[in-house]
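Below is one structure; the comments refer to it alone.
The values are calculated or read from the model by the stated rules, or taken from the named source; none is laboratory data. Bear in mind the structure is a predicted one, so any value in this text is a computation, not a measurement. Don't worry about glycine lacking a Cβ; one is built from the backbone with ideal geometry, like all the others, and counts go over all protein chains shown. These accessible areas exclude ligands, DNA and RNA; they are computed on the full protein's heavy atoms, side chains included. Shrake-Rupley method; radii C 1.70, N 1.55, O 1.52, S 1.80 Å.
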Amino acid sequence: MPLQNIGTGSKIIMERIKLTSLGQIHEADISFGDLTVFVGEQASGKSILLQLVKLISDAGNITQTLKKHGFDWQGKTKDFLSLYFGGGMECIWDPAVTKITIDDEAFELDRVLTKKGRKRTESLCMIPAQRVMTLKDGWPRAFTDYAIGDPYIIKQFSEQLRLLVEMKLVPSEDTIFPQVGRLNKVVRDAIGESIFGGAKVKLDRSGLRKRIVLDIAGSQLPFMVWSTGQREFVPLLMGLYQLMPSGGAAKKNNLNWVIIEEPEMGLYPKSITALLIILLDLLKRGYKIIISTHSAQILNFVWATQLLVKWNAGSAPLLKLLDVNATPFSKELAKTILQEKRFKTYYFSSDAKVKDISTLDPEDPDDAVADFGGLTAFSTKVSEVLSEAIRRGEA
Amino acid sequence: MNFADAVQGTPEIAECLKKGLQALGSNSNKVEVRVTRDLKGSVDIDSCLVKLYPNAPRWDYIFGYREQVYYVEVHQGRTGEIDNVIAKLGWLKRWRRRASENLEGLEDQSTYHWIASGRVDSEFAKDDKYRRKLLKNRILGPDSLLRVDTVP
């Protein structure tokens with residue numbers, strides 16, 4: 001990416017990011033795929049790195065948004081870091097040792113923050129892990145409802161959802177889901193069946209209160225009585241609506257990247273399969289996606305898809321994997337994924353390094369690769385322990 | 001080319017072609033087919049090639065059923081044996097590439113199966129690296145019984 005474009009929201013390429021000493025991460029060298037997956041233990045730096053990618057992409061838009069809501073760091077980078085990453089997080093970035101390069105060019109935060117004449121458009125949509133907090137009271141909270149020390153990412157995402165519902169960017173009949181014309185029927189059906197069980201998600205503006213409800217055969221259930229998975233998924237779905245415009249457009253012009261933290265949160269495996277279809281749809285629309293995950297199912301999918309590509313197996317096995325019937329849309333989707341899209345996977349290890357485990361090769365002597373960065377390590381242990389017990393005659 | 005012709009056109013094993021599943025001997029009861037008359041013959045590769053390749057990790061059997069070719073290794077069903085079974089498959093494929101253009105040509109109709117000798121005494125988790133290791137090498141199993149008509 002040309003340096004002058006960093007943070008401007010211009011169409012960015014950003015193929016590679018290298019860094020040393022940022023928060024828990026000592027060293028990382030990441031080349032992005034069309035879909036890039038981060039796995040690793042809690043507090044291993046995944047979220048920090050994802051927020052950094054957002055900052056690199058959209059610094060101009062971020063500073064403008066903060067100022068618009070009355071935040072002023074008065075030229076102090078440390079205070080900006082506190083506003084952006086959250087209170088107390090300013091220490092993750094030590095100007096003396098933190099080094100970041102994007103496509104072999106240095107990223108200098110001070111310079112980016114003070115640069116004049118930047119474009120302010122946003123090119124990356126980040127859906128944060130704390131998304132359920134945005135609908136805490138059944139309606140998206142405003143940017144300024146959050147504490148000053150809350151991360152920018154959650155405030156901004158929440159504000160976007162608020163604008164989405166306040167500005168009636170959802171159709172006038174106030175149905176958030178399902179909306180004909182918003183997602184392809186294959187995707188709508190997968191979500192409707194596995195996550196909402198046929199119920200509708202609606203905006204209830206009756207009387208003085210505004211709230212999002214789940215409509216089950218006329219009964220309207222408030223947010224707090226939904227299942228955990230539904231509560232997690234609705235803000236994610238609303239975030240996706242920004243990326244999947246109605247009216248036939250494949251993607252929103254200014255947006256090129258999507259980051260979703262732990263998209264599987266709260267979802268049952270069948271619902272995770274529906275989520276995978278959504279991710280593939282986003283890829284087909286031309287977005288580059290980065291996700292962090294603790295789901296072995298997602299990694300299994302990535303591994304299997306890579307093998308299907310290698311084996312030149314065609315679209316049918318991929319559709320079967322996704323429980324999707326062969327329709328013109330689904331066949332085209334599978335074909336695009338298998339022929340054009342490439343996946344990368346990185347493991348954030350306990351030794352503070354970020355390791356490329358993209359092959360996910362079960363024969364790799366490194367267990368981080370063979371066991372999906374630890375996500376299937378317990379299953380492997382089960383096999384080993386039971387086999388050993390059988391051999392010893394304990395079973 | 002059909003299975004029997006492919007075997008008979010392979011000098012190193014042509015003489016070892018047996019009817020039905022006879023080549024599998026007592027292990028034939030570990031293979032179940034719905035229509036026995038659709039069996040196209042079988043070869044005990046291990047015994048057939050022992051003199052030519054005494055120290056090689058030889059694969060066990062091959063048989064034909066309808067249009068398909070089934071390569072079968074009867075082996076202890078333990079996670080610790082996975083690398084041995086994969087090594088045998090590696091040997092089989094190298095041998096086939098060199099000795100049997102005919103069988104090589106039937107690769108698209110071929111599947112590879114690990115049948116556990118005795119009971120399946122390994123509890124493979126569905127989601128572990130061992131299971132994936134086998135799948136990566138296109139080996140199905142280990143199973144205590146190969147139900148041929150249900151192979152995908």
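A Förster radius of 41 Å combined with the Cβ-Cβ distance from A:Lys99 to B:Asp83 puts the calculated FRET efficiency at roughly 0.45.
Out of the range A:204-300, which trypsin sites (Lys or Arg not before Pro) are coil in DSSP terms and have no more than 11 other C-beta atoms within 10 Å? All intermediate terms of the calculation are to be shown ahead of the outcome.
On the way: sites: A:Arg205, A:Arg209, A:Lys210, A:Arg211, A:Arg231, A:Lys251, A:Lys252, A:Lys270, A:Lys284, A:Arg285, A:Lys288; in loops: A:Arg205, A:Arg209, A:Lys210, A:Lys251, A:Lys252, A:Arg285.
Answer in residue order: A:Arg209.
Classification of the range A:343-383 by its C-alpha gyration tensor yields an oblate form. The axis ratio a/c (a ≥ b ≥ c) is 1.5 or more, and b/c is at least a/b. With contributions of -39500 (n - 2.57) from each DSSP H run of at least four residues, the per-residue ellipticity at 222 nm computed over chain A stands at -12000 deg cm²/dmol. Ordering B:Leu145, B:Tyr130, B:Ser110 by the projection of their Cα atoms onto the charge dipole of the range B:71-152, which places +1 on the Cβ of Lys and Arg and -1 on the Cβ of Asp and Glu, puts B:Tyr130 at the extreme positive end.
Per-residue mean of other chain beta-carbon atoms within 10 angstrom of the beta-carbon, peptide A:372-382?
Working: counts 3, 0, 0, 1, 8, 2, 3, 9, 9, 2, 6.
Across A:372-382, the average partner-chain Cβ count within 10 Å equals 4.
Within chain A, which whole H helices from DSSP have a Cα span along their axis of at least 15 Å and a mean Kyte-Doolittle hydropathy of 0.5 or more, if any? Within chain A the helices that satisfy the rule are A:269-284, A:296-310.
Annotation for A:Glu388 and A:Glu332: the two label points, set 7 Å from Cα along the Cα-Cβ direction, are 5.4 nm apart. Modelled spin labels at B:Ser47 and A:Asp367, positioned 7 Å past Cα toward Cβ, are 4.3 nm from each other.
Excluding same-chain neighbours fewer than eight residues apart, the lysines reachable from A:Lys18 by a Cα-Cα span under 19 Å are A:Lys46, A:Lys54, A:Lys99, A:Lys288, A:Lys344, A:Lys353, A:Lys355.
In deg cm²/dmol, rounded to 500, what helix-only [θ] at 222 nm does chain B give when every DSSP H run of at least 4 residues adds -39500 (n - 2.57) and the total is split over its residues? Don't skip to the end; give the middle numbers.
Numbers: 5 runs with 41 residues, N = 152.
Per the formula, -7500 deg cm²/dmol.
Once C-alpha pairs closer than 8 Å and six or more residues apart are averaged by separation and normalised to the residue number of chain A, the relative contact order reads 21 percent. For the pair B:Glu104 and A:Ala250, label points projected 7 Å from Cα toward Cβ lie 4.2 nm apart. Can you classify chain B as rounded, prolate or oblate using the Cα gyration tensor, where a ≥ b ≥ c are the square roots of its eigenvalues, rounded means a/c under 1.5, and otherwise it's prolate if a/b beats b/c and oblate if not? Note, shape of chain B comes out prolate. The charge dipole of the range A:123-238, taken about its Cα centre with unit charges on the Cβ of Lys, Arg, Asp and Glu (plus for the first two, minus for the last two), comes to roughly 120 debye. Placing a label point 7 Å from the Cα of A:Lys353 along the Cα-to-Cβ direction, the residues of the range A:46-69 with a backbone N closer than 18 Å are A:46. Computed from protein heavy atoms with a 1.4 Å probe, the total accessible area buried between A and B is close to 1900 Å². The packing ranking of peptides A:358-368, A:235-245, highest mean first, is A:235-245, A:358-368, where packing means the average number of other beta carbon atoms within 10 angstrom of each residue. Atom-type composition of the exposed protein surface of chain A places 52 percent of the accessible area on carbon and sulfur (1.4 angstrom probe). Computed from Cα positions, the angle between helix B:82-99 and the longest principal axis of chain B comes to roughly 20 degrees.
Suppose the chain between A:Lys320 and A:Val180 were pulled fully straight at 0.36 nm per residue; how much longer would it get relative to their current alpha carbon spacing? Kindly include the intermediate steps, with their values, before the conclusion.
Details: separation 140, 0.36 × 140 = 50.40 nm, distance 2.48 nm.
Gain in length upon complete extension: 47.9 nm.
Per residue, the accessible area of chain A comes to 42 Å² when a 1.4 Å probe rolls over the protein heavy atoms.
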